[in-house]
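Here's the structure, in structure tokens; my notes come after.
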Amino acid sequence: MSEEPARGSRLWLAAIPVIAFLLLAAIFWRGLSGNPSEIPSALIGKPVPSFSLPPVEGLGIPGFDAAALKTGQVTVVNVWASWCGPCRVEHPVLMELSKRSDIRVFGLNYKDEPENARRFLGVLGQPYAAAVADESGRAAVDWGVYGVPETFIVDGDGIIRFKWIGPLTPEAVAGNFGAEIEKAKAARP
């Protein structure tokens, strides 16, 4: 009979690593199963950061600053670069968004050469009503950008209402991203 308790305790000791593994796997699965484009941002509900950047040289469109985002109209601010592959993927979606009269699409060109930015837009189309060059990347850091592309919805009072990480898709615009644009439009008093 003395073998039974010893055998039971050995089984229990052998089960501990298996149980620990299963618990860790469940925690990681839960953490990784979310939508990476919906990573929370500390800036949601806060005014856009103050910035002063030059327009992208040679595009023939104006630049913008924080004050330009407080003019009463919802603005989609897209952070992009010519060297960014996913930016090419999302570009047709930005071209469609730029056709809307109820929003503006502005671009923040991240760590890019002006001639490359011009070439990129010359080939794929120019969706931006205004675009600035963030050659150092400092403004993007102030906006809380993790990488490109990222897109923000800013209400007419200059408050960041939503952040999308990764390339925009037609499905996103028809779904969550589009709903957030409507919410930002309704937030206007």
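The values are calculated or read from the model by the stated rules, or taken from the named source; none is laboratory data. Bear in mind that the values here come from a model prediction, so they are computed numbers and not experimental data. Here the Cβ positions follow ideal geometry from the backbone for every residue, glycine too, while neighbour counts run over all protein chains shown.
Which condition breaks for residue 43 when tested against (1) at pLDDT below 95; (2) surrounded by 14 or more Cβ atoms within 10 Å (Cβ to Cβ); (3) more than 16 Å from residue 140 (Cβ to Cβ)?
Residue 43 satisfies every listed condition except (3).
Can you tell which of 181, 153 is surrounded by 16 or more Cβ atoms within 10 Å (Cβ to Cβ), β-branched (Val, Ile, Thr) and either without any contact (Cβ under 8 Å) to a residue 40 or more places away in the chain or under 20 Å from residue 65 (Cβ atoms) (or both)? Working first, answer last.
Numbers: 181 fails: either without any contact (Cβ under 8 Å) to a residue 40 or more places away in the chain or under 20 Å from residue 65 (Cβ atoms) (or both).
Residue meeting the stated conditions: 153.
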